[in-house]
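For reference, the structure is listed below as structure tokens.
Read-outs throughout are calculated quantities, based only on the coordinates presented, and are distinct from any laboratory measurement. Model, not experiment: these values are computed from the prediction. Cβ coordinates were reconstructed from backbone atoms using ideal geometry, including for glycine residues, and neighbour counts include every protein chain displayed.
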Amino acid sequence: MKKIFPAVFALFCVAVCLVPSLGMIVRPTTEPIGNERKSKAPELTKKDGSFNFSYLTDLGGYYEKHFAFRPEMITADATVQAEMFQNSSIETVIAGTDGWLYYTSDADDFLGRNTLNEAEVNGVVHNLGIIQRYVESQGAQFIFTSAPNKSTLYPEHMPYYYACKASGVHNRDLLHQALADSGVKYCNLFEPLSAQSETLYFKRDSHWDNKGALLAYNEVLNALGKEHNDFSNATVTRRKDFVGDLSKMLYPASDEAEYNEYYGAEDFYSYTTDTKSVEDTLIKTANPNARGTLYMYRDSFGNALVSFFASAYGNAVFTKAFPMNIAADFAANKPDTFVMELVERNLSWLLTMPPMLPASELSYYKTAGTLEGKANFTVKPCEYAAEYTQISGTLDGVTLDSKAEYYFSVNNKVYEAYSHKTESSDGFLVYLPSADYPAEAALEIKLIVKNNGEFYEITGGSNEN
């Protein structure tokens with residue numbers, strides 16, 4: 001008996017270990033989990049008929065995502081870690097208290113870590129000003145708004161190990177202060193959302209629910225002075241049918257739903273694109289009983305905004321493409337209103353991926369002198385739009401005011417530059433028509449800075465194509 005038990009136990013362990021592999025015959029995992037992409041089984045030969053020497057490596061990677069009962073095993077492991085240790089089994093999700101889940105990308109904002117410096121915050125405002133001036137030059141209204149991170153509004157469920165914060169400084173507060181006297185049209189959603197006594201974000205999702213989206217919609221259109229249905233008299237339907245994005249990532253085998261409220265906004269418009277869901281990158285709508293044309297950049301927080309805004313405009317275009325090709329989109333759609341929504345955690349995108357616009361030419365300026373420094377330029381075709389040549393640069397050896405502005409002199413014409421941030425440095429960037437300024441041409445480039453209200457020419461510089 002003593003010899004049989006170890007053998008039986010060993011056979012049992014082997015059998016359990018074989019279940020994920022043998023189970024692929026009858027029940028493989030076919031759908032991707034979370035943000036994973038659907039993948040195909042590797043083949044022994046490549047397209048050209050040659051042997052695929054990476055076959056076994058590729059097969060291992062395929063197995064990791066398709067073994068049998070994978071969602072159930074991931075869910076069981078995640079449940080134990082979250083409920084017993086307040087720990088998440090995946091990097092993209094934070095497991096909070098009372099079953100609350102948060103997006104890990106919120107962590108820097110929550111902890112006051114990796115905050116934008118003063119020059120970068122002013123750069124965000126400067127870039128928004130460039131966008132607004134272009135939009136207004138096209139005869140349209142502009143407004144920018146930012147969706148608060150979930151952890152900003154509901155920090156009480158964050159796990160205990162997030163209690164030690166790096167600082168009390170947050171990008172949202174710095175931006176609010178910088179926007180106050182900037183002239184940029186801005187709708188502050190942080191104040192009205194935080195003033196609500198009820199929770200307007202999902203427990204197991206990173207976004208607001210429909211009631212939170214409705215509040216945002218009303219705030220933005222009120223700020224624009226746009227007449228609209230505020231849905232205060234709507235017949236509201238409450239359904240337990242929403243499965244959160246964070247829940248799908250952490251608990252892929254669970255279909256636990258949360259309540260959401262529906263206001264009937266979908267009845268007022270129709271799609272003019274082949275729209276599969278509000279998560280599509282490009283959506284166009286029409287409402288014959290409304291006026292105005294909307295162009296709206298929105299991120300994933302805009303999924304719940306689509307139906308409300310579509311109900312308020314005769315024609316609406318919703319895009320998630322970033323960086324935006326605003327000039328091309330305006331030419332194609334001729335909107336009278338441009339709403340730009342960007343979640344708090346991604347405010348730096350306005351520096352790292354400024355929208356594509358033809359740089360505005362400075363018609364007149366007078367230099368107060370020169371400054372010695374090293375301006376480094378890079379000229380290349382814009383990778384997102386062939387109609388532009390992209391010129392970017394950095395400046396070394398000069399200390400400037402945090403509100404300094406940059407201008408490129410290209411072939412003796414001066415253009416206003418975006419503030420631009422890369423992984424390695426802070427700098428500046430312009431988009432110029434490639435027909436006039438081919439990237440392969442020999443361009444005469446100089447840097448002009450506006451510092452404390454005065455223009456200066458940087459004497460040193462080099463460029464590479």
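Quick check: pseudo-label points 7 Å beyond the Cα along Cα→Cβ at ASN289 and SER50, how many nm apart are they? Going from the ASN289 label point to the SER50 one covers 6.4 nm.
Please give every one of the lysines within straight-line cross-link reach of LYS366, meaning a C-alpha to C-alpha distance under 21 Å, and leave out same-chain neighbours fewer than 8 residues apart. Excluding near neighbours in sequence, the set is LYS403, LYS413, LYS446, LYS450.
Model label points for SER232 and GLN138, set 7 angstrom from Cα along the Cα-to-Cβ axis, are 3.3 nm apart.
Legend: ranking of residues PHE142, PHE309, PHE330 from fewest to most surrounding C-beta atoms inside 10 Å; resulting order PHE330, PHE142, PHE309. Straight Cα distances below 19 angstrom link LYS284 to the lysines LYS276, LYS320, LYS334, with same-chain residues fewer than 8 positions distant left out. 3J(HN,Hα) along region 441-452: 7, 7, 9, 8, 10, 10, 10, 10, 10, 10, 10, 6 Hz, from the Karplus curve 6.51 cos²θ - 1.76 cosθ + 1.60 with θ = phi - 60°, whole Hz, x for Gly and Pro. Assuming a ≥ b ≥ c are the square roots of the Cα gyration tensor eigenvalues, decide whether region 138-215 counts as rounded (a/c under 1.5), prolate (otherwise, with a/b larger than b/c) or oblate. Judged from the Cα gyration tensor, region 138-215 comes out oblate (a/c at least 1.5, b/c at or above a/b).
Full extension of the chain segment joining GLU256 with GLU198 gains 18.7 nm, where the gain is 0.36 nm per residue of separation less the Cα-Cα distance.
Averaging the sequence gap over all C-alpha pairs within less than 8 Å and six or more residues apart, then dividing by the number of residues, gives region 104-352 a relative contact order of 23 percent. In this Cβ point-charge picture (+1 for Lys and Arg, -1 for Asp and Glu), region 308-408 has a dipole of about 60 debye about its Cα centre. Relative contact order of region 367-464, taken over Cα pairs closer than 8 Å and 6 or more residues apart, is 40 percent. For region 371-384, backbone phi angles converted through the Karplus equation (6.51, -1.76, 1.60; θ = phi - 60°) give residue-by-residue couplings of 10, 7, x, 10, 9, 10, 10, 10, 10, 7, x, 5, 6, 9 Hz, Gly and Pro being listed as x. Note on region 367-464: Rg/Rh from Cα positions, Kirkwood definition for Rh, rounded to two decimals, is 0.95. Ranked from largest, the principal axis spans of the Cα set of region 302-460 equal 55, 34, 31 Å.
For region 332-377, give the magnitude of the charge dipole about the Cα centre (Cβ charges: +1 Lys/Arg, -1 Asp/Glu; no others), in debye to the nearest 20.
Dipole about the Cα centre, nearest 20: 140 debye.
All Cα-Cα distances of region 104-352, cut into 10 Å bins from zero to the largest, leave 7, 30, 37, 22, 5, 0 percent in each bin in turn. 3J(HN,Hα) along region 270-281, derived from phi through the Karplus expression 6.51 cos²θ - 1.76 cosθ + 1.60 where θ = phi - 60°, amounts to 9, 7, 10, 10, 7, 8, 8, 6, 5, 8, 4, 5 Hz, with x in place of Gly and Pro. Think of region 191-329 as a dipole: +1 on every Lys or Arg Cβ, -1 on every Asp or Glu Cβ, centred on the Cα centre; then among ALA286, GLY225, ALA328, ALA328 lies furthest on the positive end.
A straight Cα-to-Cα reach below 27 Å connects LYS46 with the lysines LYS38, LYS65, residues fewer than 8 places away in its own chain not being considered.
Sorting HIS176, HIS420 from the fewest to the most surrounding beta carbons within 10 angstrom yields HIS176, HIS420.
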